[in-house]
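What follows is a single structure, written as structure tokens, with notes after it.
None of the figures in this text is laboratory data; all of them are computed from the coordinates on show. Just so it is clear, the model here is predicted, and its values are computed rather than measured. FYI the Cβ positions are ideal-geometry reconstructions off the backbone, even for glycines, and counts take in every protein chain you see.
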Amino acid sequence: MLAELLQGTETGGFLLIKDSCSYSGRRLLRSFIKAALNREEPVHVLGFENSEEELKDELKTTQRLHFHNAYSDPLGWTDNPAFTVQRFCFEELTRLVRQTSHPKPATLVIDSLSWILRHVGPPAVCRTLQQLKKGGAVRAVIGLLHADVHQRGTVGSVCHLATSVITVAPGMKGDEAVAKITRRSKSGKVTQDGEIFSIKEDLTVTVQTKASHPAHKQTDPEEQQTDPTANLTFNLRLSVTEREAKEKLALPFVFSKEKKTALLHSGQGSGQILYEPDANDDFDQEDPDDDLDV
């Protein structure tokens, strides 16, 4: 599935690469950039966390690559900033992409969404991503998100917008990594897969095998459930001896066989109630309500 995503067959989608401090997804992001350039597609990169020189040095190509420098002055503290985080909106990005004329629709790469989410509210970011995902100015959107930087609700909202989510984690070997992929089709069908991959020096991705366990889930401190009985002054659990004694205990509302027999079969000297109707008991079998004044 990772190889299919690198081919870029889908249009109008939003692909999200989700990484953490244990493994960086930036090289995989650059592999997607190079794959789009090899298809002769224009690529616009919003660079917040790396410089243009570093990116071009690793890609080894500059044709059809448009780098919008948000690395030097992301907050607009100088007089002439190239691109600032405040300009991350649908109208501004559409104008930015349409400044360059090219017969093929462009791919927008955001490096990274975490930088934007730290200075712009998540609702505004999600609204912009939803508008970009609908198409128009760009063919597709590819973003990098550092999941361990944000709260789970923010990460979940961005992942919900994405048509494909690639969660990367370190593999067993030094040059291997594990990708857990969640893909949503236009019909709403969700497919998941796990693959072991490696990235070469020229940013070529090699998918090696399927991962039986796609990614090792790291325990979130917020997800750790504490034992509510850990610091109690009394014990809520029974030992083996106490459990046996409990099972042998006769409950007051449970009748034994002997007690049931004694209650159902009366012995000698037991009481008995006899009733003899008198003359005033004018009881008619055909009309039981005859004595009522109705």
Extended-chain gain in nm, criterion 0.36 nm per residue less alpha-carbon gap, Asp148 and Glu53: 31.5 nm
3J(HN,Hα) from dihedral phi, the stretch 146-156, Karplus parametrisation 6.51/-1.76/1.60, rounded to Hz, x for glycine, proline: 8, 5, 7, 8, 10, 6, 4, x, 5, 5, x
In Å, descending, principal axis extents of the Cα set of the stretch 110-195: 39, 33, 23
Amide H contacts under 5 Å for Glu176, placed H, 5+ residues apart: Gly171
Label-to-label distance, nm, for residues given as Val240 and Cys126 (7 Å Cα→Cβ offset): 5.4
Extended-chain gain in nm, criterion 0.36 nm per residue less alpha-carbon gap, Ala262 and Cys159: 30.0 nm
Shape call, the stretch 2-217: gyration tensor on alpha carbons, a/c limit 1.5: rounded
The stretch 61-101 versus the stretch 1-44: alpha-carbon centroid distance in Å: 20
Dipole magnitude of the stretch 2-217 about its Cα centre (Cβ charges: Lys, Arg +1; Asp, Glu -1), debye to nearest 20: 920
